Each structure stands twice: as C-alpha cells, then as structure tokens.
Amino acid sequence: SEVDELKGGVAGGSILQGVLKVGQEIEVRPGIVSKNKEGEIVCTPIVSRIVSLYAEKNDLQYAVPGGLIGVGTKIDPTLCRGDRMVGQVLGAVGGLPSIYTEIEISFFLLKRLLGVRTEGDKKGAKVQKLSKNEVLMVNIGSLSTGGRVVAVKADLAKVLLTQPVCTETGEKIALSRRVEKHWRLIGWGQIRRGTTIIPTPVHALTTESN
C-alpha cells in the first residue's frame, strides 16, 4: 500500500462502561510490554485517537455499552496484526485501571473436571487442590495468560502472571489446569488485591508522519 493509503489498527470488543466518541483521544493498556536491563517488566501504554466507530456495518459517531464495537484508531497497524493486542484494554486517557503483574485471589474449585473421566468412574475426574509453583491458565476478561501459584492457603492464592494485565480488584477470573495435554476448567475466582507496576510515559504510535 501507498503511505497515504495506510490505516490505523482497529480494536474490536464490547464497551463495559462509559461512552466512546469519534475524535476522542484514547489510551491502550498495558500497551507495549518489554524488559529493561535489569530484567524487570516495563509497560508503555499507547495513546491514539478514534477515527471511526462501527457496529454491524453501521458507521457511528459515538458508542455506548452493549454489543460488539469496532474502533478505528491511528495506532500503527504493525502493532495490531496477528491479534497481538488481544486482551488489552482501551479507554479514556488516564481513566483506565492499574496494570497488575501479580494477583491475590479468592477462588472456588469445581469438584470434578468437565469432560474428563477416569477408568471405571462414570463421573468426571476429581479436581485436585492448587499446589505451590504449579502453572495455571488464567482468563481475565478476553485475555488468557499463564500464572504460577506462588502461595496458597485455604481458598486464597497468590498468582504471578506471565504477562501484565490491565484489570481491577473485584474482577472475576477463570482458572484452568493442563490435563492430558488439554487445558481444563478447574474453577473460578475473584481478584482481591495485587502487585501493580507504574507504566512508563504513554507512547503515541500512529500512522501519521511527523
């Protein structure tokens, strides 16, 4: 494509709260995730502007919660290809939740695995208790990420996430365990608190030339 024909990335999803308007400046978190020289995770949120809003092929000037929305932005399309930004959160600049690298949760485990049976047992295989250092799949919103259990006591656990997540306390999550080469749902939980990181100054990555 010619430079003049390039268009920014399009975000698809559902609005949880608030209103999005064409022309509005928006922020995407966690944004670009990298590591510094010390090996610490660094998150750089992306700032852009809404250039279009679509719902079922209808061109909108503003969008409210309910249904799926396509949000056209000026974000560099190379950042959006291959679903690289799945699980990121988009919203008004300065109005998004914190970015967590570790979460403390209260959880509830299923009694038996769904769709998995043991020999001679017509019911599903029993769900074992969480164990320290085991790796689970954690679903938070539309994001699926790995999580290592660093501590567990009764129905409380501390989970170190493999990638930072923009979320908030009270958010419900799903927990899955690797069973016979497949991820199986074993329970769910709710975020009580966690360890957050302060993002670096926001980065304006757009299709516009400087």
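Pull up all non-local amide H partners of R192: gap of 5 or more, or a different chain, and H-to-H distance under 5 Å with H placed in the peptide plane.
Placed amide hydrogens put E104, I105, S106, G170 under 5 Å from R192.
Which option, (1) 19.2, 62; (2) 17.3, 51; (3) 19.8, 68, is the value of Rg and Dmax of the Cα atoms in Å that was calculated from these coordinates?
Matching entry in (1) 19.2, 62; (2) 17.3, 51; (3) 19.8, 68: (3).
From the phi angles alone, apply the Karplus equation (6.51, -1.76, 1.60; θ = phi - 60°) to the range 21-34 and give each ³J(HN,Hα) in whole Hz, x where the residue is Gly or Pro.
Result, ordered by residue: 10, 4, x, 6, 7, 10, 10, 10, 10, x, x, 8, 9, 8 Hz.
What does the net charge come to around G170 if you take all other residues with beta carbon closer than 12 Å to its beta carbon, with K and R at +1 and D and E at -1?
In short, +1.
To make sure I understand, if each residue's beta carbon is the centre and we count other beta carbons within 10 Å, what order do S144, S131 fall in, fewest to most?
By the 10 Å Cβ count, ascending, the order reads S131, S144.
In debye to the nearest 20, how big a dipole does the chain give about its Cα centre with +1 on each Lys and Arg Cβ and -1 on each Asp and Glu Cβ?
1380 debye
If you take the charge dipole of the chain about its Cα centre, with +1 on Lys and Arg Cβ and -1 on Asp and Glu Cβ, which of T200, V93, A151 is farthest toward its positive end?
Going by the charge dipole, the pick is A151.
Would you mind checking the pairs K35/K132; K153/K181; K35/K74; K57/K172; K126/K158; K129/K158 and listing those with alpha carbons more than 20 angstrom apart?
K35/K132; K153/K181; K35/K74; K57/K172; K126/K158
Got a sec to turn the phi values of the range 11-19 into Karplus ³J(HN,Hα) couplings, 6.51 cos²θ - 1.76 cosθ + 1.60 with θ = phi - 60°, whole Hz, x for Gly and Pro?
9, x, x, 10, 7, 7, 7, x, 9
Laboratory data are not the source of any read-out in this text; all were calculated from the coordinates shown. What you see is a predicted model; the values in this text were computed from it and never measured. For neighbour counting, all protein chains shown are included, and Cβ atoms are generated from backbone atoms with ideal geometry for every residue, glycine included.
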